[in-house]
Amino acid sequence: MIRFLALTFLAFALAGCGLQPMYAGGSSGQVARGLAEVEVPAIEGRAGWLVRNALNDRLGAAGEGSARYRLDVRLDDSLEGFGLINDIEIARERRTLRARYQLVDTTTDEILLDATSRSDAGIDVVSSEYATISAEQAALENLSRDIADRIVQRLSLTLRPQP
């Protein structure tokens, strides 16, 4: 009985604190509809192509021309060697992908969100050049998905209904 009363009290306390599920209503909810109205123009480079595809997959974009919002993204992709062996060979690399993005309301040209995101990955440099290049490409693909997830989270916070 005490457990039941404690759970009931907890449920009422949580309901009264003002927390609301962000994705309430599923695909017909306000956040999901807002995300579907975001158009992502082409982004420069291979990383840009990967990030744009990942964003479009996550946003459920309605298609060109019907967008209320535009997401402008600029990427900086860097690959840095460190962890020297015998002062001449690189043992590890760090690939870093940075994104600066702006969410623009196309009806008013107002910038609703101006933010940055960063993600990095460590890569072992091995004796096989093919394996190292393959690891660098896999890292770029993973970083692109991670950046897209971070951007969509920020967009969701921006587009959610304000109490």
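Where a number appears in this text, it was derived from the coordinates with a stated rule and is not lab data. Every value quoted in this text rests on a predicted model; they were computed, and no experiment measured them. Glycine also receives a Cβ, built like all others from the backbone with ideal geometry; neighbour counts cover every protein chain displayed.
Ordered by residue, what ³J(HN,Hα) values in Hz, to whole numbers, does segment 131-143 give under the Karplus form 6.51 cos²θ - 1.76 cosθ + 1.60, where θ = phi - 60° and Gly and Pro are x?
5, 5, 5, 4, 5, 5, 5, 5, 4, 4, 5, 5, 5
What FRET efficiency comes out for residue 42 versus residue 11 if R0 is 41 angstrom and r is the Cβ-Cβ distance? Round to the nearest 0.05.
Rounded to the nearest 0.05, the efficiency is 0.30.
Taking 0.36 nm per residue of sequence separation and subtracting the Cα-Cα distance, how much length would be gained by fully extending the chain between residue 94 and residue 116, in nm to one decimal?
The span from residue 94 to residue 116 would gain 6.0 nm if fully extended.
Test of understanding: ordering 151, 88, 111 by Cβ neighbours within 10 Å, fewest first, what list do you get?
Ranked by crowding around the Cβ, least crowded first: 88, 111, 151.
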